[in-house]
1. If amide hydrogens are placed 1.01 Å from N in the peptide plane, which non-local residues have theirs closer than 5 Å to the one on B:LEU51?
2. Across the residues of B:100-106, average count of Cβ atoms on other protein chains within 10 Å?
3. Considering only the other residues whose Cβ falls under 12 Å of the Cβ of B:LEU283, what net charge follows from Lys and Arg at +1 and Asp and Glu at -1?
4. Along the range B:159-168, what does the Karplus equation 6.51 cos²θ - 1.76 cosθ + 1.60 (θ = phi - 60°) give for ³J(HN,Hα), rounded to whole Hz, x for Gly and Pro?
5. Could you tell me which residue out of B:ALA278, B:PHE250, B:SER240 lies farthest along the dipole of the range B:183-279 toward its positive end? Charges go on the beta carbon: Lys and Arg +1, Asp and Glu -1, centred on the Cα centre.
6. For chain A, with a Gaussian network of springs between Cα atoms less than 10 Å apart, report the residue from A:THR247, A:THR80, A:THR135 with the top mean-square fluctuation.
7. Distance from the Cα centre of the range B:150-199 to that of the range B:26-47, in angstrom?
8. Can you tell me the dipole magnitude for the protein assembly as shown around its Cα centre, using point charges on the Cβ only (Lys, Arg +1; Asp, Glu -1), in Debye to the nearest 20?
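Derivation of every value follows stated rules applied to the coordinates shown; laboratory data play no part. Note that the structure is predicted; figures quoted are calculated from it, not measured. Counting neighbours? That spans all protein chains shown, and the Cβs are built from the backbone with ideal geometry, glycine included.
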Amino acid sequence: MTRFSLGKYLLPTYVFLTFLFLMIPIGYTFVFSFNDSIKSNIIWRGFTIDNWLNVCDQADVCSAFGNSIVVAVSATLVSTVLGTMIAIALVRYRFKFRSATNLLLFLPLATPEVVMGAGLAAQFLDFGWQKGLTTVIIAHVMFTLSFVVVTVKARVATLDPALEEAGRDLYASPMVVFWKVTFPLLLPGILSAAMLAFALSFDDFIITQFNSGAVDTFPKFVYTAAARGIPPEANVVGSAVFLIAMTIVIAVQVRASIKRKKMLTR
Amino acid sequence: MAFVAFGSQAPAQEQKPTKTGRVALILLLPGLFYLALFFITPLISLIITSLKQASASGVIGRYDYGFELGNYAYAVSQYAPQIFRSFSFALLATIIALAISYPIAYFIGVKARDKPLLQGILLTLVVAPFFISFLLRTFAWKQIFSNDSFIVNLLKNIGVFGADSYIIGTNFAVVFGLVYNFIPFMTLPIYANLDRLDIRLLEAGSDLYASPAKTFQKVTLPLSLPGVISGTLLTFIPISGDYVVASRDFLGGPDTAMIGNVVEANFLRIQDYPTASALSVMLMATIVLLVSAYVKRSGTEDLL
């Protein structure tokens, strides 16, 4: 395209400015994690790293964060196992009620969180179940399951069935074929599904609020604290989680690009 | 992040499921049973609760089974403004998010395709907001736009704003916050779609003397429509049920409440479960109607 192109400078400038805009609240949260505030964290009162060194001075922040980790780890384990099983079945097996199954898996993705949250809470109420950590984990497995299926399914679909056939030809039992061939090949997909489930669970607020009773998770703590001002320690936790997650994502990308380069030079 | 996966559903080569047998059931049943128990029956509980009537005992928060359709009439008459606001906010925010996101998705998916490093960086930046709690991000906007903040004072000093103008608590602030939170949800599916767009089609367009604008209108846009549809669903659905942004503790005010705020207040604070449930059922019904129009077009297999 040699003609005068509006996109040449306009589009990159626009993209740059929009990204800047996307980063504003992240930067703000990070900067205010260093604020030497007393009670509320609204006005800049000077730089300190005390908030980072003594996060657990705000005991509520720490215990809420601990609960979030417990919930996210448990929910991720269960939903990754259940979701991977479903994904394998969807790609490899023929069975009746396939479209009903697809619909059942799709619906949670298309349901507003407040509906899932209120529905589950209404059910717990009917059953007379006490709300707490367990009910939060049950809820989180429910809403992360479909995301796991979608992610793992994409990976199963790229596997060459011939590899498994080769295993069978060599007289490996179905179990051995699965653990020696299928599972290692699926592992990257399963891991990204697990990371996704973890992130979704960790950041969930609405479904959690309806089903947690008196238990605080980190997002729930932030929501409750918002009425009187969020302490800087919450900014510390948010910023730290952000930095860890970004490090993981960048490491994965760098590894992928090194792999790409190796493939090219070979 | 979810939506990287969402968009990249197309497998390298289409495989037909070949195996049959009982193993499929063993693989499927635990997960499907779980969803039946903790997704489907809760929806039924919601419908049952929405029809309950006040308990004869008169205890607050106690209700008896019934068939009180009046709960729906009450919910609609009592909360019509919030219902209307939810869908207009969701529609408006979805349209604005689409307008902002499409050029970004186009740039990452088409323009940056030859530069894997740039593409990787930009994609990481799009998902970056997911890694910090959306409550903290929304609260950051509240502080940035609070009265006496730098921005508001600046607007007052240069005369754009009157002395007693404010941003927080207005419809503008809520729609702004919703758009901000959902830009990644819109960008990722459109990007995933445009990333698979065959550049040769665009070259063919210019070879045939079509202007770039014409090529975009006749080739790029129609081909990217599936991405636009999943992006709009992924934005519209969560926004219609959101209650954090519009909450008075975040960007909302006394006159910005949406359905979610009303459901939260009725369910968790005043324990009016039937009204909260009736509102949830109506919200769900609207979404199901909307989505089924989409399903009819694309079939269930494309959904996942």
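1. Residues meeting the criterion, in which the H sits 1.01 Å from N, do not exist here.
2. Average neighbour count from other chains, rounded to a whole number: 3.
3. Local charge sum for B:LEU283: -2.
4. Per-residue couplings from phi come out as x, 5, 10, x, 4, 10, 7, 8, 10, 4 Hz.
5. Positive-end residue among those listed: B:SER240.
6. For chain A, modelled as a Gaussian network with Cα springs under 10 Å, the answer is A:THR247.
7. One Cα centre to the other: 38 Å.
8. 1740
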